[in-house]
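First comes the structure, then the notes that go with it.
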Amino acid sequence: MLAKQILYWFGIYLAIGLPVLVLLRLLGAIRTKLQPAGEMYRAIMADLRSKESRRVRWTRFAKEILMYPLILLIWPLAIVIFIQSVCFPSNGHWTPDPEAAFNCRRQHLVRVVAPEAAEAEAKVVDPLGRAPDLPFGHLNAGWHALLADRQIGDSLWYFVVPGAKRGYALVHSSKVRKEFVFEWD
C-alpha cells in the first residue's frame with residue numbers, strides 16, 4: 001500500500017515537473033533570442049555548425065536524452081537556477097572581464113584620508129638609497145597624477161580589495177572614479 005502511495009505522489013511530482021521544465025525551456029529560448037548576440041559569438045556558432053560531424057551530433061543528442069530525465073527528477077532545482085539567472089545575472093561572482101573582480105568598488109573603501117596624511121603614511125625610507133625619498137617611492141608620479149585629477153566634490157579614500165590590492169581612490173557621488181594602487185597581494 002505504501003509503495004502505491006509513493007508511486008502515486010512521484011507520478012504527480014513528475015507530472016508537475018514536465019510542464020514546468022517545458023515552460024522554463026521556452027522562457028530560456030525566448031530570453032536568449034531577445035539578447036543580441038555579438039559578432040564573434042555568431043561567427044563561432046556558424047563555424048561549429050558547419051564543421052559538426054554526424055558522430056558529434058549523435059553524441060550531443062545522446063547527452064541531451066540522458067540529461068532530460070535527470071533534470072526532470074530535480075526540477076525544483078531547475079526553477080531556482082532559472083530564477084537566479086534571471087534576477088541576479090552576474091551576482092558578483094562572475095564578470096565578463098576577469099580583471100573587473102580586482103577593481104576598487106564602494107564596498108572596498110575603508111576610510112577617507114587627507115592627501116597629507118596619506119603621504120605621511122607612505123613615506124619610503126630605504127637605507128640602501130635605491131628608492132627615492134618621496135611618498136610612495138618610485139610610484140610618486142602615479143600618486144601625483146591621481147592628485148592632479150581631483151575635481152570639485154571628489155574625496156580621497158583608502159581602499160583594500162581583499163586578496164588583491166591596496167591603494168587610494170577618488171570617489172565622487174559614492175562612485176569610484178579613479179584609483180592609485182601602491183600594493184598588490
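The values are calculated or read from the model by the stated rules, or taken from the named source; none is laboratory data. Keep in mind that what you see is a predicted model, and the values were worked out from it rather than measured. With ideal geometry, Cβ positions are generated from the backbone for all residues, glycine too; neighbour counts draw on all protein chains shown.
General remarks:
- Residue that is modelled with the lowest pLDDT [pool: residues in the stretch 165-185 that are surrounded by fewer than 18 Cβ atoms within 10 Å (Cβ to Cβ) and among the small types (Gly, Ala, Ser)]: SER174
- Exactly one residue out of LEU128, LEU139, LEU170 is out of contact with any helix residue (DSSP H, G or I) (no Cβ under 9 Å at 6 or more places or on another chain) and free of Cβ contacts under 8 Å to residues at least 40 places away in the same chain: that is LEU128.
- Test: residue in the stretch 87-96 that is modelled with pLDDT of 65 or more and more than 30 Å from PHE180 (Cα to Cα): yes
- Looking across the stretch 97-137, just one residue is at pLDDT 85 or above, of a type in the set (D, E, K, R), within 32 Å of the chain's Cα centre (by Cα) and part of a helix (DSSP H, G or I), and that is ARG106.
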